[in-house]
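**Q** Could you have a look at this structure, given as structure tokens, before my questions?
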Amino acid sequence: MTAAHPSFGQKRICVIGAGPCGLTALKNVLQAGCRNVVCYEESGGIGGNWAYTDDPHRISVHERSHVISSRRMSSFDDFPMPMDYPDFPSHRQVLAYFTDYARAFQLAPHIRLASHVERCTLDGDGRWTVRVIANGTSRAERFDSLLVCSGHHREAFVPAYPGTFTGKIIHSSTYKRPDPFRGQRVLVVGAGNSAADIAVDVARLASRAELSMREGTYFFPKLMFGQPIDVVYAFWEGKIPAPLLQSALKLWLRLRIGRWEDYGLQTPTHPPLEKHPTVNCSVLEALRQGLLVARHGIERFDGRTVHFTDGTREEFDTIIFGTGFRTSFPFLSKQVADWDTAKPLPFYLRMMHPTIPSLFFIGLFQSVGCIWRLADYQGRIAALQISGRLERPADIATRIRHEVAHPRYRFDPSPRHAMEVDYHAFRRELMRELAPAGVAGSGRPRGPRVSLTRPVLHAVSRYARAVAAS
């Protein structure tokens with residue numbers, strides 16, 4: 001006979017990972033009334049990748065990292081970042097914020113640091129056996145529900161090219177500071193935010209720094225009309241049809257930045273926001289100042305010579321690949337987590353497994369906007385379902401098929417965007433799911449929205465006059 005499932009107050013809940021997604025998942029389960037919850041974190045502190053470390057074997061932000069989403073759009077709804085923080089806080093400020101968050105919601109007693117989750121096994125009764133290694137000892141514990149919050153920046157991806165490069169090759173996940181590359185010829189590969197940040201950083205000390213990109217990319221400045229660009233976008237999103245908003249962004253970039261060719265860059269062939277945006281104005285300054293050189297994609301290697309797709313070639317001492325990560329969960333069996341990572345995730349709202357009600361993935365998506373607040377909503381959904389106050393959809397398989405076939409925002413159909421969501425569209429979906437439980441959340445930047453309209457109109461007028469006079 002199958003043992004009766006315990007009431008919510010007696011249930012044991014396991015949260016894997018104490019980064020921002022794990023912290024907010026833990027907070028939500030505790031607020032729902034479950035006190036028997038454990039959060040395992042394999043490192044020695046909370047914060048996930050935002051806990052900077054010099055250890056090359058552990059993935060973290062690099063020494064000069066800042067967030068690319070603004071303070072106002074990155075804060076949790078119920079715990080704003082300090083008002084004296086800058087628009088784009090440093091990694092040290094972000095880690096301090098997470099530390100204060102954990103203290104405010106009394107999360108520490110439930111977090112087990114330096115605890116490596118080796119294996120999670122789904123038992124016949126729907127519960128989980130979690131094997132953990134801590135202090136050199138392996139032990140197994142039983143849980144009723146599992147919340148996986150370990151992130152998708154775990155397994156570095158380095159593409160293969162014909163030939164052999166005989167210099168040094170590293171991945172952006174192990175890059176910490178530019179000092180080891182002083183005086184070297186360095187090629188950074190990639191068009192994402194990490195590649196752009198590292199290219200600018202390493203250019204300060206390298207004898208020559210170059211950035212290789214396969215195609216044209218939109219580089220967005222962090223500020224738009226004197227406001228953080230994500231705050232301005234949040235104001236207009238939903239008020240203007242997406243194609244018109246994309247056209248407006250393209251026009252503004254042309255007026256604000258000029259021609260991409262003037263920076264040595266390829267012209268993008270897709271509309272803005274069809275691919276994950278790169279928010280970085282320093283890379284454009286470095287290109288115009290000659291501190292950084294733009295290159296086409298790599299064709300092949302020949303010793304220390306890199307041949308590019310436009311027929312040019314150059315010698316380098318080091319290549320830094322800012323080419324992203326593969327999603328992997330080595331502690332889950334393929335029977336539990338087996339999907340094609342090049343395709344959209346087969347989970348409802350990117351979090352609910354189609355056949356395992358006791359399993360939730362929190363923060364397993366890439367957002368055009370900050371992940372943390374959306375992960376908070378996912379954590380609320382999971383906690384309310386576990387507590388029985390929110391019903392799991394009975395037609396979840398049908399919903400997953402519909403979600404995959406009808407995305408709320410059309411992104412480029414490449415493996416890079418398999419986990420991509422639009423912040424605002426996805427937020428609305430999560431809030432609709434929470435509506436039956438009576439949960440509210442703003443998800444919008446705080447402050448008077450109308451204050452944005454006047455500077456926007458004035459700035460557009462100035463730019464139009466400048467273009468007409470040129």
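The values are calculated or read from the model by the stated rules, or taken from the named source; none is laboratory data. Owing to the predicted nature of the structure, the values given are computational and were not obtained by experimental measurement. Methodologically, a virtual Cβ is constructed for each residue, glycine included, from the backbone with ideal geometry; neighbour enumeration extends over all protein chains shown. What goes into the accessible areas is simple: the full protein's heavy atoms, side chains included, and nothing from ligands, DNA or RNA. Shrake-Rupley method; radii C 1.70, N 1.55, O 1.52, S 1.80 Å.
**Q** Just to check your reading of the model, which residue among Gly151, Gly124 is within 26 Å of Leu332 (Cβ to Cβ) and surrounded by fewer than 19 Cβ atoms within 10 Å (Cβ to Cβ)?
**A** Gly124
Yes or no, residue by residue, for (1) over 23 Å from Arg427 (Cβ atoms); (2) among the acidic types (Asp, Glu):
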| position | (1), (2) |
| --- | --- |
| Lys222 | no, no |
| Ala234 | no, no |
| Leu245 | no, no |
| Leu251 | yes, no |
| Glu261 | yes, yes |
| Thr278 | no, no |
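**Q** Out of Ala294, Ala383, I need the residue that is hydrophobic (A, V, I, L, M, F, W, C), surrounded by 17 or more Cβ atoms within 10 Å (Cβ to Cβ) and either within 30 Å of Leu249 (Cα to Cα) or in contact with a strand residue (DSSP E or B) (Cβ under 7 Å, 6 or more places away or on another chain) (or both). Which one?
**A** Of Ala294, Ala383, the one residue that is hydrophobic (A, V, I, L, M, F, W, C), surrounded by 17 or more Cβ atoms within 10 Å (Cβ to Cβ) and either within 30 Å of Leu249 (Cα to Cα) or in contact with a strand residue (DSSP E or B) (Cβ under 7 Å, 6 or more places away or on another chain) (or both) is Ala294.
**Q** Working only within segment 308-327, note down all residues that are more than 26 Å from the chain's Cα centre (by Cα) and of a type in the set (D, E, K, R).
**A** Asp310, Arg313, Glu314, Glu315, Asp317
**Q** Please determine, by comparing only the residues of segment 154-186 that are polar (S, T, N, Q) and exposed (fewer than 15 other Cβ atoms within 10 Å of the Cβ), which one is nearest to Phe308 (Cα to Cα).
**A** The extreme case among them is Thr164.
**Q** Does segment 187-216 hold any residues that are in contact with a Leu (Cβ under 6 Å, 6 or more places away or on another chain) and open to solvent by 10 Å² or more (accessible area, probe 1.4 Å), and which are they?
**A** Ala203
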